[in-house]
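Scroll down for the structure; my scribbles are underneath it.
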Amino acid sequence: MAAVKSGLSIFSSFLSNSTNCTACSFQQIRNKYVGRWMIRDVKRRKMAEDYAPERLRLLAMKRNDILPAELREIVDKEFDEKIPRQTALRQLTPRCALTSRGHGCIYRWRLSRIMFRHLADYNKLAGVQRAIW
């Protein structure tokens, strides 16, 4: 009986030591972004930045009324072939930098309304105070 008790105590101490080590020291970090939506948004922003000059040039030629219709059709086809749709500015969603929330973001601070209020309550935002009247 004493041998079983000592064996159980050794085993339980081993489990407690091993779980503490693995829980504390092992946390896998894959990237610096919050979630998959933020990763997608960053990719879209980079792509929009890369294609911005070409897109602006082709769009201006496509919408120009002075140019002949044949030239505008050629530019339209080139626009569809060269420029991906993901580069449109309407594809970019303002997301919270902390939580990656896509709705209710305050554009100036790049924070969602929830995080903005939380940080404003605890005086973590420079120049922002709660309204008191």
Inset, instruction - Taking only segment 69-110 into account, find how many residues are under 15 Å from the mean Cα position of the chain (by Cα) and either in a loop (DSSP other than H, G, I, E, B) or in contact (Cβ under 8 Å) with a residue 40 or more places away in the chain (or both). - result: 17
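When only residues in segment 4-20 that are of a type outside the set (Phe, Trp, Tyr) and open to solvent by 80 Å² or more (accessible area, probe 1.4 Å) count, which is modelled with the lowest pLDDT?
Going through segment 4-20, the residues of a type outside the set (Phe, Trp, Tyr) turn out to be 4-10, 12-13, 15-20.
Narrowing further to those that are open to solvent by 80 Å² or more (accessible area, probe 1.4 Å): 4-5, 8, 10, 17, 20.
Working: Val4: 66, Lys5: 66, Leu8: 62, Ile10: 71, Asn17: 63, Asn20: 54.
The qualifying residue modelled with the lowest pLDDT is Asn20.
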Legend entry - Evaluation of Val128 against (1) open to solvent by 40 Å² or more (accessible area, probe 1.4 Å); (2) at negative phi (one fails), failing number: (1)
Legend entry - Every residue from segment 75-93 that is at pLDDT below 90 and open to solvent by less than 90 Å² (accessible area, probe 1.4 Å): Gln86, Gln91, Leu92, Thr93
Inset, instruction - Go through segment 33-63 residue by residue and tally those that are open to solvent by less than 60 Å² (accessible area, probe 1.4 Å) and assigned to a loop (DSSP other than H, G, I, E, B). - result: 1
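The values are calculated or read from the model by the stated rules, or taken from the named source; none is laboratory data. Just so it is clear, the model here is predicted, and its values are computed rather than measured. All Cβ positions, glycine included, derive from the backbone under ideal geometry; neighbour counts span all protein chains shown. Side chains are part of the model used for accessible areas, which takes the heavy atoms of the whole protein and leaves out ligands, DNA and RNA. Shrake-Rupley method; radii C 1.70, N 1.55, O 1.52, S 1.80 Å.
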